[in-house]
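S.K.: Sharing a structure here in structure tokens format.
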Amino acid sequence: MKKLLTMALAASMLVMPLAACDAADAEGSAAATNGKFVVGFDAEFPPMGFIAEDGSYTGFDLELAAEVASRLGLEFVAQPIAWDSKDQELASGNIDCIWNGFTISGREDEYTWTEPYMSNNQVVVVNAGSDISTLADLAGAVVAVQKDSSGLAALEENTELLDSFAELVQVDDYLNAMMELESGAVDAIVMDEIVARYQIQEAGSNFVVLDESVASEEYGVGFALGNEELRDQVQAALEEMAADGTLAEISNEWFGEDITTVG
Amino acid sequence: MADLYSTFTQLAGGLRFTLGIFFLTLLFSIPLGLLVARGRMSKNIIVAGLVRIYISVMRGTPLMLQLLLVYFGPYYIFGVRLADLDVGPFKYRFVATIIGFSLNYAAYFAEIFRAGIQSMPVGQYEAAQILGFSKAQTFFRIILPQVVKRVLPAVTNEVITLVKDTSLAQVLAVTEMFTTAKNLASAQVSVMPFIVAGVFYYVMNGIIEIIMNRAEKKMGYYQ
């Protein structure tokens, strides 16, 4: 009897989190109608989303998202997430969308996307003074890439390049990858050009971006599959912002030029 | 089902690192812990003081932070390129993990061993001395065997915690089992890999429990 009770208890403990997930899901799809617009982002991904010196969340994408939310009459909530758990966060309804230099290429069928709002390249970053100056030079090198990133996806497409590496190290975030590069643990990083250039310019890091890029791609806002309603609202707001110049203004503020591609 | 099979095999791949961290940490931290315990009980105030600070820092800061410091410290503090620190076939990434874990666990083991050693009645030392045992003989022949018996339950606690703590190695991008589970969970958008990983951890700890219970029984020769 006691055994049976223990088993029942164990079983209910296993099922409970699953049930909780379901409940969150039902809530999640209604989150946007709750008056909140919850944006999931990687808090270590400057300049798209990161922690400002005063501890608040800031970034180009977050500023766009906040503007969209205010135009839709929703309360903007910036929710930092672990990048490799983003699908669970979205599926469980904790966040309404992923808006964080989120690459469409290779993920077309996994999310409901807005139109791309800017383009980006996957580039190779090395230490200044490194022997590596072309993709061919990466043969035998130790290369870092963020887990579950589009840089990783681009490398997995280009198996010839990937196979030429001595080792591919998957790190949690790009700041970590840059520490690994700076300290000589890895020889190169494959990452988003936007992030790399910002880092070199802002942090004054002693890195160089190779002329040859690994892949070119576009950024979009990703919603859970089937959430067309909210997607359409956000898309409309973005187009409105492009038309009245707000988009260009925010882009100027972050990048010194308008690099957005909406409208 | 094919998914579950590949989950299993891929997690088993990550298990190599988990087991590597586990066994190497035990190998280094238990002798080191014994040494630290002796230092802590030393009559030399400087040695005892330094060891006390060491234990305090190791127990008072997160293991994750210690791992990051051991890994990045050589470069950011001493300017040594990390690629130069590889030990034979092992990347410094893995070596740093073992160093970090060993230093941390040695501090905990030291306090457990100290408790065990200090619980031995002084009469035993006096008796040993009268019987003509040297200090080393007294410790290794008489005291240590009894200490082992007494500290076993507390050591089991630490060993079980260690199995679970191996997942912290992910901060240094060591692809141990939990990292693999996270990658799989995100690729499959499912919690199944976590459940399978949980089973792996639980089975490992189940085996440890059985072994430690046997050991306790075997040593309970006076009960």
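The values are calculated or read from the model by the stated rules, or taken from the named source; none is laboratory data. The structure displayed is predicted, hence computed values, not measured ones. So basically every Cβ, Gly included, is an ideal-geometry build from the backbone, and we count neighbours across all protein chains shown.
S.K.: Being modelled with pLDDT of 90 or more and among the hydroxyl-bearing types (Ser, Thr, Tyr) narrows it down to one residue among A:Thr58, A:Thr6, A:Thr33; which is it?
M.R.: Every option except A:Thr58 fails the conditions.
S.K.: Go through the range B:53-81 and give me each residue that's exposed (fewer than 14 other Cβ atoms within 10 Å of the Cβ) and under 22 Å from the mean Cα position of the chain (by Cα).
M.R.: B:Ile53, B:Ser56, B:Val57, B:Arg59, B:Gly60, B:Thr61, B:Pro62, B:Leu65
S.K.: Just to check your reading of the model, which residue among B:Ile77, B:Ile55 is in a helix (DSSP H, G or I), among the β-branched types (Val, Ile, Thr) and within 24 Å of B:Leu162 (Cα to Cα)?
M.R.: B:Ile55
S.K.: Quickly run through the range A:114-138 and pick out the residues that are within 24 Å of A:Thr261 (Cα to Cα) and outside any strand (DSSP E or B).
M.R.: Answer for the range A:114-138, where residues must be within 24 Å of A:Thr261 (Cα to Cα) and outside any strand (DSSP E or B): A:Thr114, A:Glu115, A:Pro116, A:Tyr117.
S.K.: So which residues in the range B:144-186 are crowded, with 18+ Cβ neighbours inside 10 Å, more than 14 Å from every other protein chain (Cβ to nearest Cβ) and closer than 23 Å to A:Trp83 by Cα, if there are any at all?
M.R.: B:Asp165, B:Thr166, B:Met177 - these are the residues of the range B:144-186 that are crowded, with 18+ Cβ neighbours inside 10 Å, more than 14 Å from every other protein chain (Cβ to nearest Cβ) and closer than 23 Å to A:Trp83 by Cα.
S.K.: If you check every pair at least six apart or on different chains, which have Cβ atoms under 7 Å apart with a residue in the range A:103-125 that is in contact (Cβ under 8 Å) with a residue 60 or more places away in the chain first and a residue that is among the polar types (S, T, N, Q) and in a loop (DSSP other than H, G, I, E, B) second?
M.R.: A:Thr112/A:Asn227; A:Pro116/A:Thr261; A:Tyr117/A:Thr261; A:Met118/A:Thr261; A:Ser119/A:Thr261
S.K.: Could you check A:Gln201 against (1) assigned to a strand (DSSP E or B); (2) away from chain B (no Cβ under 14 Å); (3) surrounded by fewer than 18 Cβ atoms within 10 Å (Cβ to Cβ) and say which number it fails?
M.R.: Just one mismatch for A:Gln201, condition (1).
S.K.: Another question, then. Among what's in the range B:101-127 and is of a type in the set (Gly, Ala, Ser) and either closer than 26 Å to B:Pro153 by Cβ or within 13 Å of another protein chain (Cβ to nearest Cβ) (or both), pick the residue that is surrounded by the most Cβ atoms within 10 Å (Cβ to Cβ).
M.R.: It comes out as B:Ala110.
S.K.: Considering only the range A:139-158, how many residues are more than 14 Å from chain B (Cβ to nearest Cβ), in a helix (DSSP H, G or I) and out of contact with any helix residue (DSSP H, G or I) (no Cβ under 6 Å at 6 or more places or on another chain)?
M.R.: 3
S.K.: May I ask you to say which residue of A:Asn127, A:Asn206, A:Asn176 is at pLDDT 90 or above and at negative phi?
M.R.: Result of the check over A:Asn127, A:Asn206, A:Asn176: A:Asn127.
S.K.: Moving on. Among the residues of the range A:96-113 satisfying the criterion of being in a strand (DSSP E or B) and over 10 Å from the mean Cα position of the chain (by Cα), which is surrounded by the most Cβ atoms within 10 Å (Cβ to Cβ)?
M.R.: Step by step, filter the range A:96-113, then rank; the result is A:Cys97.
S.K.: Next up: If we only count helices (runs of 4 or more DSSP H) wholly inside the range B:117-216, which ones have 1 or more residues that are under 30 Å from A:Ala177 (Cβ atoms) and β-branched (Val, Ile, Thr)?
M.R.: B:144-165, B:177-188
S.K.: Let me ask something additional. Can you work out which of the residues in the range B:80-91 that are at negative phi and part of a loop (DSSP other than H, G, I, E, B) is farthest from the other protein chains (Cβ to nearest Cβ)?
M.R.: B:Pro89
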